[in-house]
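One structure is given below, encoded as structure tokens.
Nothing in this text is a laboratory measurement; each read-out follows from the coordinates by a stated rule. Just so you know, these numbers come straight off a predicted model, no measurement behind them. With ideal geometry, Cβ positions are generated from the backbone for all residues, glycine too; neighbour counts draw on all protein chains shown.
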Number of protein chains: 2
Amino acid sequence: MVDSPRTRPAKPALSRDSIVTATLGLVGELGCAAVSMRRVAQALDTAAASLYVHIADRDELMRLAHDLAVRDVDLPTGADGDWRDRLELLVTRTVAALARHGDIAAVGLTDAAAGPAGLRIIDELLRLMRDGGIPDRACAWAIDLLGQHIAAAALEGTATPTHRDDLAPYPTLRELAPLLTSGTPDARARWKLRVLLDGLLAQP
Amino acid sequence: MVDSPRTRPAKPALSRDSIVTATLGLVGELGCAAVSMRRVAQALDTAAASLYVHIADRDELMRLAHDLAVRDVDLPTGADGDWRDRLELLVTRTVAALARHGDIAAVGLTDAAAGPAGLRIIDELLRLMRDGGIPDRACAWAIDLLGQHIAAAALEGTATPTHRDDLAPYPTLRELAPLLTSGTPDARARWKLRVLLDGLLAQP
DNA sequence: ACCTGAACACCGTTCAAGT
DNA sequence: ACCTGAACACCGTTCAAGT
């Protein structure tokens with residue numbers, strides 16, 4: 001049955017929230033590149049120009065959608081283990097939250113400015129590292145590494161499948177090629193996070 | 001005086017190379033987002049449609065430009081120290097080569113597929129890690145970490161300046177905020193690479 | 001205050017037509 | 001074989017006009 005004025009509920013008032021929610025949904029379905037202002041407007045049964053009453057431009061909209069994607073991540077509690085268990089859990093949850101919405105994590109790779117939900121997670125990551133006795137400057141500089149790791153892990157599997165080049169001129173790469181994608185994406189992500197944290201703990 | 005057939009030298013034949021070189025130059029001047037097929041064509045005094053004789057689409061063109069940016073990176077030699085010195089030097093040189101061309105490194109963040117010049121560097125990074133006695137699987141999985149680090153380091157300073165949020169709700173972040181950008185970009189990049197390599201060496 | 005249609009200045013890509 | 005103009009189907013954003 002097709003929507004009609006009789007079967008469809010009254011059009012909800014346009015709001016920043018409804019725009020951002022619709023955007024995040026479309027990113028999950030179509031990917032960031034395919035989400036245009038016109039398509040978001042269409043999904044909300046309004047005109048593209050109407051969106052600009054509530055948001056500044058497309059970049060801001062994508063940043064808001066990215067922040068929405070991590071808004072419901074629960075911070076680990078004391079029951080979840082020591083600082084490192086909790087940090088790993090928080091990273092895993094954030095990656096999972098982002099991965100649920102297509103390639104929205106790409107916004108975090110390109111665009112450094114985090115929203116309130118992102119800042120809340122960053123704050124907790126910093127707090128946990130400090131809890132672990134990591135020096136302040138190391139905590140601060142390590143945030144970039146954690147952020148990159150989170151974004152990259154969330155995008156695993158989103159990338160275009162690498163077309164097979166001829167690897168003859170690259171002997172080591174050729175030999176190790178099968179190992180590049182060995183294991184599960186999850187196991188690789190956990191291993192990378194362990195590398196980061198072990199490396200962090202090895203600094204003076 | 002306006003160019004005319006008399007004053008302007010013969011238009012060089014359009015070629016894949018000249019297209020990619022012009023593209024990389026424009027990325028350096030204007031940034032990736034502002035480089036359109038039409039602008040590249042204009043720089044070469046031709047029509048946008050003509051480019052498609054030599055390249056498949058804009059994505060391929062950006063990938064080719066990215067590869068060109070790292071084509072002249074010299075691989076370190078025996079005189080440059082042990083495997084770790086050489087690896088750090090190779091990473092630094094690659095970052096510098098990318099940073100010379102605006103935000104071309106963003107292509108490497110989003111798009112996994114490397115070209116011949118990128119593969120040559122990846123192959124050498126793998127070889128050096130193996131030289132250092134790192135197990136094959138760790139070398140393979142670590143390449144992602146190194147690649148992300150290289151791209152992110154090359155983009156340092158390219159990002160939009162973060163507008164200052166009110167950090168009151170984020171106590172740890174507020175306290176550590178001054179440290180986030182302390183030191184030089186170069187010192188931070190070197191520190192991050194040390195974290196990665198120390199972490200790598202800490203794996204069983 | 002909020003929404004809209006129409007317009008502006010662009011895009012990437014294709015294709016028939018030219019040389 | 002290579003190049004081109006014109007066209008197609010889009011973009012983000014602005015703005016006068018409506019309610």
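For the reader, a short list of remarks on this structure follows.
- Rounded, prolate or oblate (a/c below 1.5 giving rounded, otherwise prolate when a/b exceeds b/c) for chain B by Cα gyration tensor: oblate
- Loop-located trypsin sites (Lys or Arg not before Pro) across segment B:106-204 with a Cβ neighbour count of 13 or fewer within 10 Å are B:164, with loop assigned by DSSP.
- If you wrap the Cα atoms of segment A:135-204 in a convex hull and average its projected area over all directions, you get 6.3 nm².
- Rg/Rh for segment A:111-172, where both radii come from Cα atoms and Rh is the Kirkwood radius: 1.20
- For chain B, the longest principal axis of the C-alpha atoms and the axis of helix B:58-69 are separated by about 70°.
- Rg to Rh, two decimals, where segment A:36-134 supplies the alpha carbon set and Rh follows Kirkwood: 1.09
- Solution diffusion estimate, µm²/s, Stokes-Einstein, segment B:16-69, Kirkwood Rh from C-alpha pairs, 10 °C, viscosity 1.306 mPa s: 149 µm²/s
- Crossing angle, helix B:116-131 versus chain B [Cα axis fit, 0-90 degrees, rounded to tens]: 20 degrees
- When +1 charges are put on Lys and Arg Cβ atoms and -1 charges on Asp and Glu Cβ atoms, the dipole computed for segment A:33-94 relative to its Cα centre reaches about 300 debye.
- When chain A is turned onto chain B, the axis of that turn runs closest to one Cβ of chain A, and that residue with its distance in whole Å is A:199, 1.
- Taking every alpha-carbon pair within the protein assembly as shown, the share separated by more than 26 Å comes to 59 percent.
- Plainly put, the tip 7 Å out from Cα toward Cβ on residue A:111 is 2.1 nm from that tip on each other copy, the closest given first.
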